[in-house]
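The values are calculated or read from the model by the stated rules, or taken from the named source; none is laboratory data. No experiment lies behind these values; they were computed from the predicted model shown. A quick note on method: Cβ atoms are made from the backbone with ideal geometry, for glycine too, and the neighbour counts reach across all protein chains shown. SASA here: full protein model, heavy atoms, side chains in, ligands and nucleic acids out. Shrake-Rupley method; radii C 1.70, N 1.55, O 1.52, S 1.80 Å.
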Amino acid sequence: MNAPLEDSLTPQIRVEDDRTGLSITTLRSALADNLFYIQGKFPGTATKNDYYMALAYTVRDRLLQRWLNTTQTYRKNVKVVCYLSAEFLIGPQLVNNLINLGIYAKIRQAVEESGLSLQELIEQEEEPGLGNGGLGRLAACYLDSLSTLEIPAIGYGIRYEFGIFDQEIRDGWQVEITDKWLQYGNPWEIARPEEYVEVKFGGRSEHYYDEKGNYRVRWIPDRVVKGVPYDTPILGYQVNTANTLRLWKAEAIESFDFQAFNIGDYYGAVDAKIVSENLTKILYPNDEVIQGKELRLQQQYFFVSCALQDMIRLLLSTEVSLETFHQQFAVQLNDTHPAIGVAELMRLLVDEHRIDWDKAWHITQNTFAFTNHTLLPEALEKWPIELFGRLLPRHLEIIYEINQRFLDRVRMKYPRDLGKLSRLSLIDESGERYVRMANLACVGSHAINGVAELHTELLKKTVLKDFYEFFPEKFANVTNGVTPRRWMVLSNPRLTRLITEKIGDRWITHLDDLRKLETLADDASFRQQWRQIKQETKGDLAAYIRKKLDIIVDPKSLFDIQVKRIHEYKRQHLNVLHVITFYNRLKHDRDLDITPRTFIFGGKAAPGYFMAKLIIKLIVSVANIVNNDPDVRDRMKVVFIPDFNVTLGQRIYPAADLSEQISTAGKEASGTGNMKFALNGALTIGTLDGANVEIREEVGAENFFLFGLTTEEVYGLKARGYRPFDYYNQNAELKAVIDLISSGFFSHGDVDLFKPLIDNLLYRDDYMLLADYQSYIDTQEKVSQAYRDRENWTRMSILNVARMGKFSSDRSIREYAQKIWKVEPVPVELLQLCPGGQCLLV
Ligand code: F58
């Protein structure tokens, strides 16, 4: 990869010492020193990974001044955003840091003059897969924007020892491989064992009167776990701000487990240690569907308690009163996973810091804000009361108290409306009793937001309807965004250079500037350059596919790509129905003048989600038939790229001509892949779902391939009684496609293999694929026709990019900052420099 941009940051640290200097000679000797002193290797015995580590430390050294100065700046009474998220999918760090520091070209030169290839070292980096998909990646984009906008922030989460599994495909089936991302060390994090906190579990609460006669409660736990923070710097783009991502690892408390508790019982003590450390071992790989696993609730409580205790400690270290907590911190709950924070902050304030309930409640409500990311009812978190009370007895009491006070208000507003009362209650009492985490988050927060306009509207009408009626003033929309640094500058250096050549580089932090490209859409030579770049980028992906999968694809064909988690509502199988339709048409008319296509898929299925795994099997099975059929050779190919992750996304999004955003209307909260594709010049085929609606609004209906039922139509059809079988019966082409799958054509004659999928489509079809089939096929035909007019396609591609300004995560973060957090940028000055281990004041 070439430098995305020439280095432009004038380093503000002017001390040319060995540790942080930027001359090529200094960089080269830093690299050699780090190899020797940190990796303990001579150049002769060093592996590529040793060199990568040495390089990473060389870069980290050049980041530290900014990072430590940022932390110091925030000690001075500034309001800090704390983004609480069970997942942060930050992706590889090396290149991002080089770009944000503005030292990419320098480092490349130094690496190459040392006889190494920067590209090879970059490829050594294991990405931290600490998230499932969109929600975790959004948190990472937001951290990037917070730093770039110089907003004081801390990301709090879990340092999973094993992140999202690596996906392999064997015989067409997904196989999950443990993600040992830490096995060779992580050069980007710094452990802070001295800043540990203790987290309690289980036991009981004790109610008593203190020496002054005040009624008090204390929690007598039966287990205490240590939380150790590991910090990763998140540097903004060409600013001095480097915020912190603080991830917590669970460890056993030695004195507790080994001495008092377990004297003489060595094995028991070891067991206790293992139990504690299990807490942060693994990320749950489920996407959208919640499994009520006890360990998951433990993880949630663990990191939230660590985070809130950390904030309190920070605040008290500045001698500011705890009663100003909500003025010092804005805490965002990334979905309900950290919602237990509402009860935990109440416990800390009331039980541990002796603040009275009403005051504590005022602080709590003014501290938290809640983002919802889903409309699927099966994704709403609830915990059985029995489990909850066993693990967090005091929190259950606090939740009951919050509930009683809240329901008293509900009764005042809606006397005798038992339906309302039972729907708004924090406790689900319709059968087995549960704690409803979304209800807790809504009551305990001053702001509630959805992640796209349509999603927020639907929240108000469906899952959170009663809350909207009760607290309309709390609701807001903040449409998601993605960071143009990673999703353009880093992943698409060619397009970055072309755009920058034409309109300057301000667009990187002010994405609306891309509008200036609009007039260039009419410039034939610009279009030629644009096409050329897309072609080269597709060539790179084709080379990757050939190397990894031994499949030859033609970079001149239309690259039609769907990459995202595999889920029925996202309808990868609708895409497959089109693939087979396309194939059948070619088979029936060998001379058909068709626009050649390469259909590319990628995404992981939750390990326990059989239907999703069967969809992968179907894609791979169809690929095997199609790719080996000489009748269709050169006109279509189907590829499933295994192990879709951030690193692969960086290769894939820029190489797309067509972006598949085909979820059933009303199901996808926002989508962010849709934004990454469009920003990189792909046109979208999509439904009116999630942020597709706003993308279409921005780019113009004429530059977007719309199909399918609207949300209203989906609801209407469901209400009238949807009969998928009728669609099958009445549509010959659809029938032929389904029958071909059922016949065993793609499964070596096995007629049972795909039966669960087919029966589901014919007799249930919850996601209405059959209802949308014809509209989808017709629109795909329009795509094919449009692609033939290359000049116009290019024009549309340029206009898409030009009009993507809204979808920068910088815009989203500005909205959160103004509407919800009430925070301002705090620029960081590099005041205290500590080169070479000596602290100098300059
Ligand atoms: C996603 N949710 C939404 N959940 O599906 C997507 O529309 C949206 O763009 C994105 O959030 C960001 O707002 C999502 O990714 C998860 O991965 C959860 C992980 C933990 C278990 C429940 C699902």
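Some points to look at:
- Close amide H partners of residue 191, meaning residues 5 or more places away or on another chain with modelled amide H under 5 Å apart, are 231.
- Treating r as the C-beta distance of residue 697 and residue 180 and R0 as 41 Å, the FRET efficiency rounds to 0.40.
- Stretched out straight at 0.36 nm per residue, the stretch from residue 536 to residue 778 would grow longer than its current Cα-Cα span by 84.1 nm.
- The chain: calculated mean residue ellipticity at 222 nm from DSSP helix runs of at least 4, using -39500 (n - 2.57): -13500 deg cm²/dmol
- Ligands, DNA and RNA left out, the 1.4 Å accessible surface of the chain is 51% carbon and sulfur atoms.
- Whole-angstrom gap from region 766-809 to region 368-411, using each part's C-alpha centre: 42
- Placing pseudo-labels 7 Å out from each Cα toward the beta carbon at residue 194 and residue 72 gives an inter-label distance of 1.6 nm.
- Shape of the chain, Cα gyration tensor, a/c cut at 1.5: oblate
- Shape of region 553-807, Cα gyration tensor, a/c cut at 1.5: rounded
- Applying the Karplus relation 6.51 cos²θ - 1.76 cosθ + 1.60 with θ = phi - 60° to region 610-619 yields 3J(HN,Hα) values of 4, 4, 5, 5, 5, 5, 4, 4, 5, 4 Hz, where x marks Gly and Pro.
- About the Cα centre, charge dipole magnitude for region 553-807 (Lys/Arg +1, Asp/Glu -1 at Cβ), debye: 580
- Residue pairs, from the table 718/806; 604/755; 79/564; 587/735, whose Cα atoms sit over 24 Å apart: 718/806; 79/564
- Percent of Cα-Cα distances greater than 17 Å, calculated over region 547-609: 54
- Residues of region 340-361 with amide N under 18 Å of a point placed 7 Å along Cα→Cβ from residue 318: none
- Linear extension gain, residue 206 paired with residue 822, 0.36 nm per residue minus alpha-carbon span: 217.9 nm
- Rounded, prolate or oblate (a/c below 1.5 giving rounded, otherwise prolate when a/b exceeds b/c) for region 622-724 by Cα gyration tensor: oblate
- Tail beyond 15 Å, pair distance distribution of region 760-837 (Cα, percent): 79
- The alpha carbon centroids of region 745-762 and region 582-600 are separated by 23 Å.
- Percent RCO, i.e. relative contact order, over region 553-807, from Cα pairs under 8 Å lying at least 6 residues apart: 22
- Calculated FRET efficiency for the pair residue 109/residue 588, C-beta based, R₀ 56 Å, to 0.05: 0.45
- Cα centroid separation, region 203-229 to region 624-668 (Å): 55
- Cα-centre dipole for the chain with unit charges at Cβ (Lys and Arg positive, Asp and Glu negative), debye to 20: 800
- Inter-label distance, residue 732 to residue 291: 4.7 nm, where each label sits 7 Å from its Cα along the C-beta direction.
- Here the Karplus curve 6.51 cos²θ - 1.76 cosθ + 1.60, taken at θ = phi - 60°, turns the phi angles of region 31-47 into couplings of 4, 5, 4, 5, 4, 6, 7, 9, 7, x, 9, 8, x, x, 9, 6, 8 Hz, with x standing for Gly and Pro.
- Distance in nm between pseudo-label sites at residue 552 and residue 414 (7 Å out along the Cβ direction from Cα): 6.6
- Cβ-derived FRET efficiency at R0 25 Å, residue 404 paired with residue 215, nearest 0.05: 0.95
- Per residue, in Å², the accessible surface of the chain once ligands and nucleic acids are set aside, probe 1.4 Å: 38
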